[in-house]
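These notes are about the structure you will find just below.
The values are calculated or read from the model by the stated rules, or taken from the named source; none is laboratory data. Model, not experiment: these values are computed from the prediction. Note: ideal-geometry Cβ built from the backbone for every residue, glycine included; neighbour counts use all protein chains shown.
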Amino acid sequence: MAAIQLCLITDRTSFGTGAAAFDAVIRLARDASTAGVDWIQIREKDLSARDLCELTRRVVTAASIGSARVLVNDRFDVALAAGADGVHLTTSSMSARVVRSAVGSRLAIGASTHSEAEAMAASEDGADFVVCGPIFVTPSKAGYSDPLGPGEVDRIASVAGVPLLALGGIDEQSAGLALGRSVSGIAAIRLFQDAWSSGGSDELHRVVHRLRLLR
């Protein structure tokens, strides 16, 4: 069975405001990359294109110390300009087909999905992988309907046609449940950021190592 894929999603607002929050995201990206996280998804929707590009450049540099690749939410222009590895599309973004026609093979394309239909559509449009959820109850997805649950996410993964990462309310205790037979990995904010905030690089390394042991 293939190794689990791990995607850290950023939320700089959890670190405060201003330059200090930016700096925290950079340090987190560096430590996540050395810990062995596969993807760092920059999800900072309120930033201007200028500030997002600057943050992405700094994250790309910080992540280069390890193995992580960097995704930018929605803005493939920023991803290209800042030297990121990919773009992550939401359900309100341009379709993966449109983005692929613009970027060719220069960027990996991920897509957020919340149902089998959305996962299949993203796959057929050319996404390289999809993220599906929420799998469990989570504050960041409070506006969505009830959680899909591990069984449904695993079923969607079995027919999606591309790798699927589970998202939403995943912690260390529930990570094993989230990783069904067909699920390729986990995407999360708090799972990684809370570990790093409480125990720094050592705690983040421990969490990543424990997740790797699940498969």
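Scanning the range 106-130 for residues that are under 26 Å from Gly151 (Cβ atoms), surrounded by fewer than 16 Cβ atoms within 10 Å (Cβ to Cβ) and under 19 Å from the mean Cα position of the chain (by Cα) returns a single hit, Ser115.
The single residue among Val130, Val99 that is under 17 Å from Gly185 (Cα atoms) and among the hydrophobic types (A, V, I, L, M, F, W, C) turns out to be Val130.
Scanning the range 86-106 for residues that are touching a Leu at 6+ places or on another chain (Cβ under 7 Å) and either assigned to a loop (DSSP other than H, G, I, E, B) or in contact (Cβ under 8 Å) with a residue 40 or more places away in the chain (or both) yields Gly86, His88, Arg106. Within the range 109-140, the residues that satisfy the criterion of being at pLDDT below 95 and not in a loop (DSSP other than H, G, I, E, B) are Pro139, Ser140.
Rundown of residues vs (1) part of a strand (DSSP E or B); (2) among the small types (Gly, Ala, Ser), yes/no style:
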position: Ser158; (1), (2): no, yes
position: Leu165; (1), (2): yes, no
position: Gly169; (1), (2): no, yes
position: Gly176; (1), (2): no, yes
position: Val183; (1), (2): no, no
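Is it the case that the range 87-105 has a residue that's under 25 Å from Arg212 (Cβ atoms) and either over 14 Å from the mean Cα position of the chain (by Cα) or buried (at least 17 other Cβ atoms within 10 Å of the Cβ) (or both)? Within the range 87-105, one or more residues are under 25 Å from Arg212 (Cβ atoms) and either over 14 Å from the mean Cα position of the chain (by Cα) or buried (at least 17 other Cβ atoms within 10 Å of the Cβ) (or both).
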